[in-house]
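Comments concern the structure below.
The values are calculated or read from the model by the stated rules, or taken from the named source; none is laboratory data. Since this is a predicted model, take the numbers as computed values, not measurements. Note that we place each Cβ from the backbone using ideal geometry, even for glycine, and neighbour counts take in every protein chain shown. SASA here: full protein model, heavy atoms, side chains in, ligands and nucleic acids out. Shrake-Rupley method; radii C 1.70, N 1.55, O 1.52, S 1.80 Å.
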Amino acid sequence: NAGVTQTPKFQVLKTGQSMTLQCAQDMNHEYMSWYRQDPGMGLRLIHYSVGAGITDQGEVPNGYNVSRSTTEDFPLRLLSAAPSQTSVYFCASREGGHTGELFFGEGSRLTVL
Amino acid sequence: SQQGEEDPQALSIQEGENATMNCSYKTSINNLQWYRQNSGRGLVHLILIRSNEREKHSGRLRVTLDTSKKSSSLLITASRAADTASYFCATSATDSWGKLQFGAGTQVVVTP
């Protein structure tokens with residue numbers, strides 16, 4: 001099993017550009033989520049999904065869109081990149097239900113100039 | 001806002017010593033989890049302790065939970081250089097439907 005796969009690993013954007021960070025998991029997990037990690041701030045939840053067709057906002061959703069058309073995939077879209085979105089982004093998944101350990105991808109490092 | 005706050009922010013020890021880090025949180029929780037992150041990598045789950053548990057062990061890891069003080073501690077015994085990493089606590093609040101909130105982490109450096 002590959003687990004949680006994120007692409008790309010690195011990306012540089014100019015302000016105003018849009019892009020999609022891809023996330024795929026092969027563990028048949030119902031729950032998927034996106035976090036961003038900034039120095040000294042831990043991980044902050046952007047969006048999450050409890051199953052195909054269902055998404056909801058986390059702590060810092062502004063400037064990001066998500067969709068969940070399949071169980072496996074949970075892409076994160078930056079609509080109009082801003083320097084404040086420079087960060088490391090992590091996708092994570094777990095089995096359904098209210099609790100349980102998260103399985104993380106290796107991260108996507110995004111720089112917005 | 002962060003639910004969990006780790007203390008200390010950084011810890012430097014020698015191989016063979018024990019490493020202890022603490023986590024405080026603000027609201028009622030279903031469970032508390034600890035994760036490790038090696039430099040440039042994703043987070044890896046270490047241990048989960050439920051709100052009705054007080055202590056849990058996994059190998060060289062010992063986690064305690066005091067819900068009356070809203071705090072947890074992670075002890076790594078007989079540290080190795082390979083334990084060098086950042087350690088994060090994450091809480092699943094009772095009113096958050098399984099969303100995990102992470103603290104800022106403790107950076108641990110173990111020197112040979």
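Tabulated data for the structure shown
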read-out: Accessible area buried between chains B and A, both sides summed, probe 1.4 Å, in Å² to nearest 100; value: 1800 Å²
read-out: Shielding score for B:102-108, defined as the mean number of other chain Cβ atoms within 10 Å; value: 3
read-out: Gap separating the Cα centres of the stretch A:46-70 and the stretch A:72-91, nearest whole Å; value: 12 Å
read-out: Rg and Dmax [Cα atoms of chain A; Å; Rg one decimal, Dmax integer]; value: 13.2, 40
read-out: Restricting the stretch A:2-89 to trypsin sites (Lys or Arg not before Pro) in coil, as DSSP defines it, with at most 15 other Cβ within 10 Å; value: A:9, A:14
read-out: Within the stretch B:1-54: Cβ-based charge dipole about Cα centre, in debye rounded to nearest 20 (Lys, Arg +1; Asp, Glu -1); value: 280 debye
read-out: Heavy atoms of residue A:46: accessible area, 1.4 Å probe, square angstrom to 10; value: 0 Å²
read-out: Dipole of chain B, positive end: most advanced residue of B:109, B:10, B:31 [Cβ charges, Cα centre]; value: B:31
read-out: Exposure ranking of A:12, A:50 by accessible area [1.4 Å probe, largest first]; value: A:12, A:50
read-out: Value of relative contact order over the stretch A:56-113, rounded to a whole percent, pairs C-alpha under 8 Å and six or more apart; value: 29 percent
read-out: Those trypsin sites (Lys or Arg not before Pro) in the stretch B:45-112 that DSSP places in a loop and that have at most 16 other beta carbons within 10 Å; value: B:54, B:60, B:69, B:80
read-out: Nearest-20 debye value, the protein assembly as shown charge dipole, Cβ charges on Lys, Arg, Asp, Glu; value: 220 debye
read-out: Exposure ranking of A:56, B:95 by accessible area [1.4 Å probe, largest first]; value: B:95, A:56
read-out: Rounded to the nearest 20 debye, dipole of chain A from Cβ charges on Lys, Arg, Asp, Glu; value: 480 debye
read-out: Rounded to the nearest 10 Å², the accessible area of residue A:111 at probe 1.4 Å; value: 50 Å²
read-out: Taking all pairs of distinct alpha-carbon atoms in the protein assembly as shown, Kirkwood radius in angstrom; value: 17.9 Å
read-out: Surface accessible to a 1.4 Å probe, residue B:71 within the full protein complex, Å²; value: 40 Å²
read-out: Heavy-atom accessible area order for A:106, A:95, largest first, 1.4 Å probe; value: A:95, A:106
